[in-house]
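Derivation of every value follows stated rules applied to the coordinates shown; laboratory data play no part. What you see is a predicted model; the values in this text were computed from it and never measured. Ideal geometry is used to build each Cβ from the backbone, glycine not excepted, and the neighbour counts take in all protein chains shown.
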Amino acid sequence: MAHAMLLAGGAVATEGALAWLKLGSGNLWQQILKPACFIWLILGIALLLPRVLPVLSIDQYIRYQSYLPIEGAKTERSFIGAKLPQYYADEFNWPEMVEKVARIYHSLSPEEQARTAIFCHNYGDAGAIDFFGPRYGLPKAISGHQNYFLWGPRNYTGEIVILIGEKEEDVRKQFESVTVAATQDNPYALRYQTQPILLCRGLKWNLQEGWPTVKNWR
């Protein structure tokens, strides 16, 4: 939206400048500057297009990014040190992550599956579970992040939880048993996207009663 407003404002200013130069069909300045402004606009769009659309391969984008005179804003704390901007890097590893979660989930007995929650650290991972999960027969994810918090813990108590995006050392304080069920490694993903997937049993507090404590609204 901000970019569109700047473009519109620039267009109005340019048109005003051309009008000041005595617009007319036979005016030399008009004949020179109007095509020049259009060409400059097209060049500007072409040069910056890879910043907003995936028109380059990842390796090509990284090379392109290294030539830019400005550095993208660090929109996430975990973006620091990442090879790609947050809006690209955040999506890496989602299909592979869901496939690994599915293998863990289906390694459990049907009775255990019915009691197993898939808890995600952030709404991006939770959305990936909900989007890719049906093809693997996965239940909907739960999360305390953003609007996912409003949808609650469903019918889960925390007896068995597949945890995504949380640090193992923090999780071990909350459960009786924690197993690293799968590892994740993608050089383009953000750091929190490469945390191991944990299979946890025996939450030390009831998820239904303690749900307000997982709220992560930012």
- [ ] Using every pair of alpha-carbon atoms in segment 94-214, split the distances into 10 Å bins beginning at 0 and state the percent of pairs per bin, rounded to integers.
- [x] 14, 51, 33, 3
TODO: Please give the FRET efficiency for H106 paired with A36, using the beta carbon to beta carbon distance and R0 = 45 Å, rounded to the nearest 0.05.
DONE: 0.10
